[in-house]
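Participant: This is the structure, below, for whatever I ask next.
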Amino acid sequence: MKENRPLIEDMIALSGNILGNLLGARHEMKAQARARLDQLAHHLDLVSRAEFDAAFAMLAKARALQDELAERLAAIEAKMNLSSASEIKSRAKRRLPSFKKSNTRRKRR
């Protein structure tokens, strides 16, 4: 039994080394996959979530300003009795796509 003890200790040490190497390889593969995905995103000109949210906020602000200006213009046209022009504007406004906050359901982890 004492003869097998160094063999068992060597096997335990070897298995520990193998596990360490496997963990290192796992981390290396993960880093390489992340680098490859970043390179692909850059190649496809994809934007980050923060950039998208900033652009979306600017769009929402512009939409709100456009709506406010349309209301002010309608009020001015009503005072000047230019109702046909306001009807054209309201029909054009209805054709515009709306961007609602509910379209951004995905949450970043």
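Laboratory data are not the source of any read-out in this text; all were calculated from the coordinates shown. On a predicted model such as this, the values are computed, not experimentally measured, just so you know. All Cβ positions, even for glycine, are placed from backbone atoms using ideal geometry, and neighbour counts span all protein chains on display.
Participant: Just subtract the alpha-carbon distance of Gln39 and His27 from 0.36 nm times their residue separation and send over the number in nm, one decimal. Numbers along the way, then the final one.
Facilitator: Working: separation 12, 0.36 × 12 = 4.32 nm, distance 1.83 nm.
Contour length minus Cα-Cα distance gives 2.5 nm.
Participant: Ordered by residue, what ³J(HN,Hα) values in Hz, to whole numbers, does segment 55-60 give under the Karplus form 6.51 cos²θ - 1.76 cosθ + 1.60, where θ = phi - 60° and Gly and Pro are x?
Facilitator: With coefficients 6.51, -1.76 and 1.60, one gets 5, 5, 5, 5, 5, 5 Hz.
Participant: Next up: Set the Förster radius R0 to 41 Å, insert the Cβ-Cβ distance between Ala50 and Leu14 as r into 1/(1 + (r/R0)^6), and round the FRET efficiency to 0.05. Display every interim value, and only then the final one.
Facilitator: On the way: r = 47 Å, r/R0 = 1.14.
Given R0 = 41 Å and the Cβ-Cβ separation, E is 0.30.
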